[in-house]
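*Asks:* First the structure, then my questions, so here it is.
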Amino acid sequence: MGQLNTFPLSYKVQGQRIVVLGGAEEALNKVRLVTKTTASVVIISRHIEADFSAFPVAVIERAFAPSDLDNAALLFVAEEGLDAELAKVEARARGIPLNVVDVPAECDFYTPSIVDRAPLTVAISTEGDAPVLARLVRARIEAMLSPRIGKIAGLAGRLRKAAESLIHDGAARRRFYEALVTSPEIEAAESKGQGLTAAEALLAHHANGRTQGVVWLIGAGPGSEDLLTLRAQRLLQEADVIVHDQLVPAVVIDMGRRDAERIDVGKAKGHHSFSQAQINTLIVRLARQGKRVARLKSGDPMVFGRAGEEIAALRQAGVAYQVVPGISSALAAAADTATPVTLRKVSSGFVTATAHGADDSDLAHWAALAQSGLTLALYMGKSIASDVAARLIAHGAAAMLPVGIVVNAGRADKSTYAGTLGALAANRIAFSDGPAIIFVGEAVAAGDWAEAVQLAASGFKVA
Ligand code: SAH
C-alpha cells in the first residue's frame, strides 16, 4: 500500500463562510461542490461572468477586501491577479485553508470527487493524479447507492439511542442497522415520507428477536452486465442468496457479494433440475430463515419467467417480495437489429408470445397471432422455428411476411437471420447455439439486417 500525501477528513463548515474568489467557470465548478454544505457561500470578483443564479450564494461584484475572510472556513481562489494574491496572503495570515484552482503547489487541500447522500458522503481522491479515474469510481459508487440512502442513514442516526436501549446484543443491533439501510420496505416508506414510522416498526420487530427475509424477483436483462438496471445491481449486492436460472450468465451472477450463496435452479430444456414447485418452496424457505434472496431471472421477470407462480407462493406464505424489471430479450433483439417493433403506418403494436409453451392444438393462439397484423416477437421458438412459420401461414399469415431472428440478443456473441415466413417454413436452419427471438411482421424489414444470414436466396429486401 502506498502512502498518502494528503489526509482525507470531514471538515466542519456549518455556521461559517466559504469564500470563492473568481467569477468564471472555475469558480462555478467550486460553487457546485461547496453548496452541498450548509455553509454560507460567498463569491467575490470584479468580473462576474458565470451564471450563479441556480445556487444559494451571495455574489459580490467588487474588489477583494481582507474582511471578506472574517468567519471563513475555507478559501477557493479561482482567478488570477492582484485580488488573488492579496486573498492568498490574507488567508495564510489567518490560517484559513486555501485551494488555488489548478495550482497544486499553492493548495493546502484538494477537493475530492463527492458522492452526496447527506449525511452519507463518499469522497474520492487520487491526490490530483488521475481525476478521470476518480470520476469513473464515483460513477460506480453513485450507481451502488440508492438516492434515498442518505435519508435512511439519517434515520439510523435518529434511532441510535432507542436501538441501544432496546437491543443489547451488539451483533443483533448490527443486524438491525443492516436491515434498516438495505430494506426496500424502508426505502419505499421513506419515499412516501413515512420512513421514521417504518424504521421504528423495524426496530420493534428486531427488538422482539425476529428478523424478516425478503425475495427480490430481479430481471437480469438479456445477458450483458451493463444491460442490468442500477436497482438490480444494488439488490444483487445486498442479497444473502442468489437463486438463478440457467439463462443468466456468469458475469451477472458474479456481480453479487462474494460471500453470497448461489443456487442454480437452471431449467435447461430437457432436464429439469428443479421443478417449479421446488423453486417456490426453496425461496419461501430461504426468506423464512431471514435471508435476503435475489431470485434472478433472464430478461424481465414478468415475461415468460414464471414469476406469477413464485409471487403467488410468496404471497401465500406472507413473505415480503419486490419485483425489479429487466430488459426483455425481444427488446434487446430489437435494439441489436435497429428494428422498430412499432412503426407508424406499418405496425401499430407488437405482441410478445410464446412459440412453444402454447399447446399445439391451441388454435386460437396461432390464429390470433397470424391475424393480428402486428409485429410478433416469439420466445422459445428456435428449435421449432420452421413449424412455427408453417403454423402461422396455415392460419392466414402471408408467406411473404418478413422474418428476423436474433440468437443471443444483447450479447457480444449474437447472430442474426433474415428472410420470409415462407422461407423459414420451407427450410430447417442450423442456428447457432443460444436462446433466440423470432420477429415476424412488415416492420421487421425496416430494421438493419445487413449482417444477417439469409434464410433463403429470396429474403426480404434489406434496405
Ligand atoms: N424472461 C425472459 C424470457 C425467458 S423465457 C425475457 O424477458 O427475456 C426464455 C426465452 O427467452 C428463450 O427461449 C428465448 O426465446 C428468450 N431469450 C432469453 N434470453 C435471450 C437472449 N439473450 N437472446 C434471445 N432470446 C432470448
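The values are calculated or read from the model by the stated rules, or taken from the named source; none is laboratory data. Keep in mind the model is a prediction, meaning the values are calculated, not measured. A quick note on method: Cβ atoms are made from the backbone with ideal geometry, for glycine too, and the neighbour counts reach across all protein chains shown. Heavy atoms of the whole protein, side chains included, go into the accessibility calculation; ligands, DNA and RNA do not. Shrake-Rupley method; radii C 1.70, N 1.55, O 1.52, S 1.80 Å.
*Asks:* Please tell me if G404 is within 14 Å of the ligand (Cβ to nearest atom), open to solvent by less than 40 Å² (accessible area, probe 1.4 Å) and in a loop (DSSP other than H, G, I, E, B).
*Replies:* Criteria not met by G404.
*Asks:* Still on this model: Among the numbered criteria (1) under 19 Å from A199 (Cα atoms); (2) without any contact (Cβ under 8 Å) to a residue 24 or more places away in the chain; (3) open to solvent by less than 40 Å² (accessible area, probe 1.4 Å), which one does S165 miss?
*Replies:* Result: S165 passes all but (3).
*Asks:* I'd like to verify a number: residues in the range 355-382 that are open to solvent by 20 Å² or more (accessible area, probe 1.4 Å) and either in a loop (DSSP other than H, G, I, E, B) or touching a Leu at 6+ places or on another chain (Cβ under 9 Å) (or both), how many?
*Replies:* 10
*Asks:* Quick one: in the range 300-343, which of the residues that are more than 8 Å from the ligand (Cβ to nearest atom), of a type in the set (D, E) and in contact with a strand residue (DSSP E or B) (Cβ under 8 Å, 6 or more places away or on another chain) is least open to solvent (accessible area, probe 1.4 Å)?
*Replies:* E310
*Asks:* Hey, can you tell me all the residues within the range 93-120 that are more than 16 Å from I18 (Cβ to Cβ), crowded, with 16+ Cβ neighbours inside 10 Å and β-branched (V, I, T)?
*Replies:* Correct list: V115 only.
*Asks:* On to the next question. I'm trying to understand the selection: among the residues of the range 9-31, which are loosely packed, with under 13 Cβ neighbours inside 10 Å and assigned to a loop (DSSP other than H, G, I, E, B)?
*Replies:* Across the range 9-31, the qualifying residues are L9, S10, Y11, K12, Q14, G15.
*Asks:* On the given criteria, is A188 out of contact with any Leu (no Cβ under 9 Å at 6 or more places or on another chain) and either more than 16 Å from the ligand (Cβ to nearest atom) or not assigned by TED's automatic domain parsing to the domain that holds A313 (or both)?
*Replies:* Judged against the criteria, A188 is a match.
*Asks:* Still on this structure, I have one more. Going by the conditions given, is R175 open to solvent by 20 Å² or more (accessible area, probe 1.4 Å) and closer than 30 Å to A332 by Cβ?
*Replies:* No; evaluated as a whole, the condition is false for this residue.
*Asks:* Still on this structure, I have one more. For the range 206-225, what are the residues that are within 15 Å of the chain's Cα centre (by Cα) and touching a residue at least 60 places away in the same chain (Cβ under 8 Å)?
*Replies:* The answer is W216, L217, I218, G219, A220, G221, P222, G223, S224.
*Asks:* I'm trying to understand the selection: among the residues of the range 226-273, which are in contact with a Leu (Cβ under 7 Å, 6 or more places away or on another chain) and open to solvent by 40 Å² or more (accessible area, probe 1.4 Å)?
*Replies:* none
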